[in-house]
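Engineer: This is the structure I want to talk about, given as structure tokens.
The values are calculated or read from the model by the stated rules, or taken from the named source; none is laboratory data. Predicted model, so just to flag it, every value in this text is computed and none were measured. Glycine also receives a Cβ, built like all others from the backbone with ideal geometry; neighbour counts cover every protein chain displayed. Ligands, DNA and RNA are stripped out before the accessible areas are found, and what is left, the full protein with its side chains, is counted by its heavy atoms. Shrake-Rupley method; radii C 1.70, N 1.55, O 1.52, S 1.80 Å.
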Amino acid sequence: MKITRIRGFSDLLPGETETWQFVEQVAREVFARYNFSEIRIPILEKTELFSRSLGETTDIVEKEMYTFADQDAKGSMLTLRPEGTAGVVRAYIEAGLAQVEPMQKFYYLGPMFRRERPQKGRFRQFYQIGAEVLGRKDPVADAELLLLLNDFFSTLGLHDLSLELNSLGCSECRPRYRSELLSFLQQTEDKLCENCRRRMERNPLRVLDCKEPSCSQVTKNAPCIIDYLCQACQDHFAEVKRLLEETKVAYIINPKMVRGLDYYGRTTFEWTTNRLGSQNAVAAGGRYDGLVKDLGGPAVAGVGFALGMERLVLLLGVEEESRFNRPGLYLAWMGKAAGDWAFPVAHALRQRGVVVEMEGEEKSLKSQMRRADKLKAQYVFIVGEDELNKGKGILRHMGSKEQVEVDLKGVETELAGKLPTSKTNL
Ligand code: HAM
């Protein structure tokens, strides 16, 4: 029987990977502009890292984690990371970075795992590009992250995303809101879904995040956290908004946005699209000023985001292929002598950065030209017996069909100067 991939897990094949690499390259370039450094953390962590940081009553911890027993430590459980923030914070604490330099700006790229129901834009293994700023409680850090994302989206040519903002308050002001919300929900408890009724007492804010139509109907008139913020939270939020206005980044306030993870406080945000159906969040994040301490580290603030690669690539669609790794040169050869001549020349050109394709077995010129066309090679260089005898090959530009003769002697230098390299190809 044929073995197939697991539901919700995808293969990325050539043709798609070029787009992914391009997006990752743009991300690395934009992160560098803002002085972020890459961090690589394990895919597998102890389960309690996630249950403690994301919250026991979140959908992720309750039902979406891939968890199994650690065969090496009796009673201990391991989980495939459902997100990156918890692991980054753990690494920051474990490496003692707060003692060396508490202000750190990290970014990461990689797969995350959640056992959600697969649908368009929603997978069980999905890739995130994420960023975490630790040791900064100032609103400038929040605004800078949003500007970074804005730069990233516009470099990719995505201009139709909306930025939704909210503030979730802090341990000073949230408890008052929480009890107001709870008494509001208790009055309409019979209209809530079973899940919300069960979780309501422990975490009433989760109800605001429920996608069940009956719950959304109830929460339409629920009190909003934004009306309960303490002065310090109001000032922080006002400054984030002012900095965005100053830099002309448009946003809308969404007072019902609570996010699906419990570590957030103060600023939260989502960049959404109306082009992906219900999975409309392309990037999301916010502040988590209590998380480092909750995980056993010093009282250090944090703010970050993660964006979903699959959703981003869906939005980009099939971009003009020209941007991606098409060959700069297709080396067409006829006859064994020409093949022997072409092999070291291809090598020398590749060493100079030119993307070169050539056949390993002899083929007719017609079939080689057809393949060069299919590969969208920018140039073809043709060498057969005649060309070897004359000491001159033919360089053909595939777009304009113009042809010129080029001396075979010193051809590498001559062509390397003319042809685009793999770097200029991107
Ligand atoms: P999140 O909202 O759970 O936040 O995920 C961030 C993004 O990952 C989403 O906006 C979406 O684009 C993508 N995503 C999430 N789940 C899936 C899925 N099943 N399939 C495809 N894409 C998905 C976090 O993960 C936080 N760690 C973000 C953060 C970083 N907050 C502070 N720092």
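Engineer: Checking the cross-link filter: which aspartates and glutamates have an alpha carbon closer than 18 Å to that of K220, excluding same-chain neighbours under 8 positions apart?
Structural biologist: Once the sequence-local aspartates and glutamates are set aside, what remains near K220 is E164, E180, E189, D190, D209, E212.
Engineer: Once a ≥ b ≥ c are taken as the square roots of the eigenvalues of the Cα gyration tensor of region 1-107, is the result rounded (a/c under 1.5), prolate (a/b larger than b/c) or oblate (a/b not larger than b/c)?
Structural biologist: Oblate.
Engineer: Going by a 4.7 Å Cβ-Cβ cut-off, which cysteines of the chain have no partner at all?
Structural biologist: Cys with no partner Cβ under 4.7 Å: C170, C193, C196, C224, C233.
Engineer: Whole number in Å², please: accessible area per residue of region 1-147, 1.4 Å probe, ligands, DNA and RNA not counted. Show your work: numbers first, answer last.
Structural biologist: Values: 7680 Å² over 147 residues.
Per residue, region 1-147 has 52 Å² of solvent-accessible surface.
Engineer: For region 15-51, which GluC sites (Glu not before Pro) pass both filters: DSSP loop (anything but H, G, I, E, B) and at most 14 other C-beta atoms within 10 Å? Each step should come with its number before you reach the end.
Structural biologist: On the way: sites: E16, E18, E24, E29, E38, E45, E48; in loops: E16.
The qualifying sites are E16.
Engineer: List the GluC sites (Glu not before Pro) within region 196-304 that DSSP assigns to loop and that have no more than 13 neighbouring Cβ atoms inside 10 Å. Walk me through the intermediate numbers first.
Structural biologist: Working: sites: E201, E239, E245, E246, E270; in loops: E201.
Those that pass, being in a loop and sparsely packed, are E201.
Engineer: How large is the helix-only mean residue ellipticity at 222 nm for the chain, computed as the sum of -39500 (n - 2.57) over DSSP H runs with n ≥ 4, divided by its residue count, in deg cm²/dmol to the nearest 500? Could you put the intermediate results ahead of the total?
Structural biologist: Numbers: 17 runs with 159 residues, N = 426.
It lands at -10500 deg cm²/dmol.
Engineer: Separate question: Compute the whole-percent fraction of alpha carbon pairs in the chain spaced more than 29 Å apart.
Structural biologist: The calculated P(r) of the chain puts 56 percent of pairs beyond 29 Å.
Engineer: Please give the FRET efficiency for Q231 paired with R7, using the beta carbon to beta carbon distance and R0 = 60 Å, rounded to the nearest 0.05.
Structural biologist: Working: r = 50 Å, r/R0 = 0.83.
With R0 = 60 Å, the Cβ-Cβ based efficiency is 0.75.
Engineer: Counting Lys +1, Arg +1, Asp -1, Glu -1, what net charge surrounds E45 among other residues with beta carbon under 12 Å of its beta carbon? The partial results should precede the final answer.
Structural biologist: Details: positive: K46, R52, R81, R90; negative: E48, D70, E83, E94.
Here the charged neighbours net out to 0.
Engineer: Could you tell me what percent of the accessible area of the chain is made up of carbon and sulfur, with a 1.4 Å probe and every protein chain present? Could you put the intermediate results ahead of the total?
Structural biologist: On the way: 10610 of 21380 Å².
Of the solvent-accessible surface of the chain, carbon and sulfur hold 50 percent.
Engineer: Viscosity 0.692 mPa s, temperature 37 °C: what is the translational diffusion coefficient of region 329-418 from Stokes-Einstein with a Kirkwood Rh over Cα pairs, rounded to a whole number of µm²/s? Numbers along the way, then the final one.
Structural biologist: Working: Rh = 12.8 Å.
Result for D is 256 µm²/s.
Engineer: Per residue, how much accessible area does region 329-418 have with a 1.4 Å probe, in Å²? Write out the running numbers ahead of the final one.
Structural biologist: Details: 5120 Å² over 90 residues.
Heavy-atom SASA per residue in region 329-418 reads 57 Å².
Engineer: Below 8 Å, C-alpha to C-alpha, sequence gap of six or more: please give me the relative contact order for the chain in percent. Don't skip to the answer; put the middle values down first.
Structural biologist: Numbers: 718 pairs, mean separation 63.9, N = 426.
About 15 percent, as a whole number.
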